[in-house]
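Novice: Before we start, here is the structure in question, set down as C-alpha cells.
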Amino acid sequence: MENKSGSAAALDERAERAKWFCEARFGMFIHWGLYAIPARGEWVRGAERMERDEYMRYFDEFAAERCDPREWAALAKRAGMKYAVLTAKHHDGFCLWDTALSDFKSTLAPARRDFVAEFLEAFRAEGIRVGLYFSLIDWHHPDFPHFGDRHHPRRDDPAEGNEARDFERYLRFMHGQIRELLTGYGRLDLMWFDFSYDDMSGEKWKAGEIMRMARELQPGMLVDNRLEASGDTHGAILKADPPESAGDFACPEQIVPPEGLRNELGQAVPWEACITLNNNWGYHSGDRHWKDSSLVIRMLAECVSKNGNLLLNVGPNARGKIPAESARILGEVGRWMDGNGAAIYGCGSSGLEKPEWGRFTRRGRLLYAHVHEARAGGICLAGMAGRIEKMRLLRDGSELLPGRHWNLKPYPEHAFFFLNADTLDNYPLPDPAGSVVEITLRE
Ligand code: GLC
C-alpha cells in the first residue's frame, strides 16, 4: 500500500464516504417549520424584523394537522430522488424534534409530534437515504448575537445589545442539539449545516469539535461545507489540503455552477446544486414562479454532466402538505426519470466537449446523449466516427442507426444519428424535455 500523504489519504477517505452521494445524483430538500404559517418564506422573521413575541404567535397555532411525511417520501420516490434532507431547525430556532435543550419545538406546539423522527422513518421505509439540515444560526436563543448582527431580526435595536449574551453558552447549546440529532435518530447519511458569514465561521462555531463529534458518532455520514462557507463561497473544500471543517461536499445555491467543482489539484470535489422549485425555500403563498419539469430535467442533466448532484427543494405549507404545483412538477420529472434514470444515476462527466444540442453524461463505456434541441440533419457526435458500437433510444430501447445519409458524407470524422430513424430527422423530439440516446462505445 503506497504511503499516501495525510491530505491524499483524507481526500481518498472523502471520496469513499461520498460514493453513494455521487451515485444518487438527485435529492429532495424539504424546508418546513413555523415560517410556513406566515407563508412569506423561511427568512420572514429576519426579513420583517419581527419581535420574538410576534413570531411566537405562530408557535401557538403550529398544528400541521395534515402533515404526513409518508406522502412526502412517496412523492420523492416517484420523482426518482435517492436522498432527502429535512430542516430539523432553521434560522428561526424552531426545532422539529423533541430536543431536551429547548421548549421551542414541535413536540410542545399543538402538533405535539417529532417530525424529524417521522421524516426519517418514512424516507428510510422508501429506501431513500436521509439527511438533516441544521441551522448554526438561532435567532430564538438569547445568547445568539442580536443587535448589530448582519441577519438577526433585532439587529437594528440597540435595546437588544449583546453585553449579557454568553456565546460560549450558545455553543454548548448548539453542540448539544447536534449531538442529540447524531445520537438519537439512528444512522444519518448526511448533515447539512447552514451557514457561515462574516466572523461567524469555522472556529467561531468550534467547527473542528463539531466535525470530530460527527465523525465519531456517525462515521459514514457526509457533512456539507457550510461550517466555514455559505452560498457565496465554497470555502476551503477546494484547497489541496482542506481542514476537516471544510466538509465533504460543496453546495452551490440557486445555480448550476459554470463547470464542475475541482480543487487546487484539479481533482473533482463532490457537490450538489441546491435549487428551489419556485423562488422560495420555505412555503410562500404568493410565489407562483414555478420552474417547469423540462427545466428541472435539464438542470439535473447539467449537474450530472459536471459531476454534480441536484438537491431540489419543496416547501410544505402550514398544514404540512407539499404544494400541488410542486407535486405536479415532481411527478412529471419522475416519469422522465422512469425511462431515463440510467443516464443520471452513477453517471458523471463524459470528458467530451458539451455538444451544441444538449449534454453528455457517462458511466464507463456508456455515453448518454441528452438531446435538448430539435435539429435539421443528423445529430452530430463530434470526432466520434468509428468509436460507436451501438445506439439505443434509452427510454424504450429502440435501435438508432448511425447516420449514413448522403448529406453527412462531407464530415467523415464525425458520427451522426437521427432520433426519428424512419423520416431521418430530429423533430419533433421524442421527448422535448430530454431525448436520451444510450451510446455503447467500442472498447
Ligand atoms: C440560504 C438561505 C436559507 C436556506 C439555504 C438553503 O442559506 O438563506 O434560508 O435554507 O440557503 O441552501
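The values are calculated or read from the model by the stated rules, or taken from the named source; none is laboratory data. Every value quoted in this text rests on a predicted model; they were computed, and no experiment measured them. Heads up, the Cβs are rebuilt from the backbone with ideal geometry, glycines too, and the neighbour counts pull from every protein chain shown.
Novice: Could you pull out the residue among ARG150, ARG154, ARG165 that is in a loop (DSSP other than H, G, I, E, B), at pLDDT 95 or above, of a type in the set (D, E, K, R) and surrounded by 18 or more Cβ atoms within 10 Å (Cβ to Cβ)?
Specialist: Values: ARG150 fails: surrounded by 18 or more Cβ atoms within 10 Å (Cβ to Cβ); ARG165 fails: surrounded by 18 or more Cβ atoms within 10 Å (Cβ to Cβ).
Result: ARG154 is the single residue among ARG150, ARG154, ARG165 that is in a loop (DSSP other than H, G, I, E, B), at pLDDT 95 or above, of a type in the set (D, E, K, R) and surrounded by 18 or more Cβ atoms within 10 Å (Cβ to Cβ).
Novice: Kindly list, by first and then second residue, each pair from a residue in the stretch 369-384 that is at pLDDT below 95 to a residue that is acidic (Asp, Glu) and not in a strand (DSSP E or B), limited to pairs with Cβ atoms under 6 Å and residues at least 6 apart or on different chains.
Specialist: That search, which allows pairs on different chains as well, returns nothing.
Novice: Here's a follow-up. Quick one: in the stretch 181-194, of everything that is touching an Asp or Glu at 6+ places or on another chain (Cβ under 9 Å) and under 21 Å from GLU272 (Cα atoms), which residue is surrounded by the most Cβ atoms within 10 Å (Cβ to Cβ)?
Specialist: LEU190
Novice: Turning to a different aspect of this structure: Restricting to the stretch 86-103, what's the tally of residues that are under 10 Å from TYR35 (Cβ atoms) and acidic (Asp, Glu)?
Specialist: The number of residues fulfilling the criteria is 1.
Novice: Let me ask another. Quick check, is ALA84 within 19 Å of PRO323 (Cβ to Cβ), crowded, with 20+ Cβ neighbours inside 10 Å and in contact (Cβ under 8 Å) with a residue 40 or more places away in the chain?
Specialist: yes
Novice: Which of the following residues is assigned to a strand (DSSP E or B), over 15 Å from LEU120 (Cβ atoms) and of a type outside the set (D, E, K, R): PHE29, PHE62?
Specialist: Only one candidate qualifies: PHE29.
Novice: Regarding the stretch 33-48, can at least one residue be identified that is surrounded by fewer than 17 Cβ atoms within 10 Å (Cβ to Cβ) and not in a helix (DSSP H, G or I)? Steps first, answer last, please.
Specialist: At the first step, the residues of the stretch 33-48 found to be surrounded by fewer than 17 Cβ atoms within 10 Å (Cβ to Cβ) are 47-48.
Going one step further and asking which of them are not in a helix (DSSP H, G or I), we end up with 48.
Yes, there is a match, as at least one residue in the stretch 33-48 is surrounded by fewer than 17 Cβ atoms within 10 Å (Cβ to Cβ) and not in a helix (DSSP H, G or I).
Novice: Looking only at the stretch 236-251, count how many residues are more than 30 Å from ILE37 (Cβ to Cβ) and either out of contact with any Lys or Arg (no Cβ under 8 Å at 6 or more places or on another chain) or within 13 Å of the ligand (Cβ to nearest atom) (or both).
Specialist: Residues that pass the stated criteria total 10.
Novice: Of the residues LYS291, LYS306, which is among the basic types (Lys, Arg) and closer than 21 Å to GLU438 by Cα?
Specialist: None of the other options fit; the residue is LYS306.
Novice: What's the total number of residues in the stretch 198-232 that are crowded, with 17+ Cβ neighbours inside 10 Å and either among the β-branched types (Val, Ile, Thr) or within 16 Å of the ligand (Cβ to nearest atom) (or both)?
Specialist: 13
Novice: State whether the residues of the stretch 351-361 include one that is more than 35 Å from the chain's Cα centre (by Cα), of a type outside the set (A, V, I, L, M, F, W, C) and surrounded by fewer than 15 Cβ atoms within 10 Å (Cβ to Cβ).
Specialist: No, the conditions are met nowhere in the stretch 351-361.
Novice: Something else: What's the number of the only condition in (1) buried (at least 16 other Cβ atoms within 10 Å of the Cβ); (2) touching a Ser or Thr at 6+ places or on another chain (Cβ under 6 Å); (3) not in a loop (DSSP other than H, G, I, E, B) that LEU429 fails to meet?
Specialist: (3)
Novice: So for the stretch 115-130 (the condition being away from the ligand (no atom under 16 Å from the Cβ), of a type in the set (Val, Ile, Thr) and part of a strand (DSSP E or B)), does at least one residue qualify?
Specialist: For the stretch 115-130, residues away from the ligand (no atom under 16 Å from the Cβ), of a type in the set (Val, Ile, Thr) and part of a strand (DSSP E or B): present.
Novice: Enumerate the pairs (first residue in the stretch 273-289 and within 8 Å of ARG40 (Cα to Cα) and in contact (Cβ under 8 Å) with a residue 60 or more places away in the chain; second residue anywhere and aromatic (Phe, Trp, Tyr) and crowded, with 22+ Cβ neighbours inside 10 Å) with beta-carbon separation below 8 Å, excluding pairs fewer than 6 apart on the same chain, so at least 6 apart or on different chains.
Specialist: GLY282/TRP32; GLY282/TYR35; TYR283/TRP32; TYR283/TYR35
Novice: Anything in the stretch 407-426 that is assigned to a loop (DSSP other than H, G, I, E, B) and more than 37 Å from the chain's Cα centre (by Cα)? List them, or say none.
Specialist: Across the stretch 407-426, the qualifying residues are LYS409, PRO410, TYR411, PRO412, GLU413, ALA421, ASP422, THR423, LEU424.
Novice: Does GLU259 qualify as being of a type in the set (Asp, Glu) and either touching a helix residue (DSSP H, G or I) at 6+ places or on another chain (Cβ under 8 Å) or under 24 Å from ASP92 (Cα atoms) (or both)?
Specialist: Numbers: of a type in the set (Asp, Glu): yes; either touching a helix residue (DSSP H, G or I) at 6+ places or on another chain (Cβ under 8 Å) or under 24 Å from ASP92 (Cα atoms) (or both): no.
Answer is no for this residue.
Novice: Could you list all residues from the stretch 334-350 that are surrounded by fewer than 23 Cβ atoms within 10 Å (Cβ to Cβ) and aliphatic (A, V, I, L, M)?
Specialist: MET337, ALA342 - these are the residues of the stretch 334-350 that are surrounded by fewer than 23 Cβ atoms within 10 Å (Cβ to Cβ) and aliphatic (A, V, I, L, M).
Novice: While we're looking at this one, here's another question. Please state which one of GLU48, GLU65, GLU71, GLU13 is over 19 Å from LYS89 (Cα atoms) and either β-branched (Val, Ile, Thr) or within 16 Å of the ligand (Cβ to nearest atom) (or both).
Specialist: GLU48
Novice: Which residue is surrounded by the fewest Cβ atoms within 10 Å (Cβ to Cβ), if the candidates are limited to the stretch 263-301 and must be within 14 Å of the ligand (Cβ to nearest atom) and among the small types (Gly, Ala, Ser)?
Specialist: ALA273
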